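Colleague: Have a look at this one before I ask anything.
The values are calculated or read from the model by the stated rules, or taken from the named source; none is laboratory data. Not measured: the values here are computed from a predicted model. Here Cβ is always computed from backbone atoms with ideal geometry, including for glycine, and neighbour counts include all displayed protein chains.
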Amino acid sequence: MMTTFLYDHELRDFTSVQDKELNELFQEVREKFDNKYLIHERVFTTKKWFRKPISKTVYTLYNLLNKMGEVQVINFASDETKNSRNSMNYYVPKSYIMTYFYGVLTGIKYRIK
């Protein structure tokens, strides 16, 4: 488990994302399950000579642990980490976050009482 601290402005800014589809799902999870989830959205742009720049958006999912700004960084499994020395996979594409949130919502719907 990896934890870190976020500033107040980050706690405020990480409550929504630009992608409409992901943001709707994110807000639904925050409403129905837990509003302690936060998402950091980053855009990486690669510039190459004589070509258009290529932009890639990645996301980091956090779980707020306390009011002081301590958060758990959600680590996602990946085939790439199997052969890599780095076991942390926290910058992930939209599909990873959406799959995680669909799992959360399914768990809420079918939880055993």
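Colleague: Within region 70-107, count every residue that is more than 26 Å from residue 7 (Cα to Cα), at pLDDT 75 or above and in a helix (DSSP H, G or I).
Modeller: Adding up the residues that qualify gives 8.
Colleague: Something else: Checking residue 6 against (1) in contact (Cβ under 8 Å) with a residue 40 or more places away in the chain; (2) out of contact with any strand residue (DSSP E or B) (no Cβ under 9 Å at 6 or more places or on another chain), which single condition isn't satisfied?
Modeller: The one condition residue 6 does not meet is (2).
Colleague: Quick test of your reading of the structure: residue 11 fulfils all but one of (1) assigned to a helix (DSSP H, G or I); (2) at pLDDT 95 or above. Name the failing condition by number.
Modeller: (2)
Colleague: For region 18-64, what are the residues that are surrounded by 14 or more Cβ atoms within 10 Å (Cβ to Cβ), without any contact (Cβ under 8 Å) to a residue 60 or more places away in the chain and outside any strand (DSSP E or B)?
Modeller: 23, 27, 30
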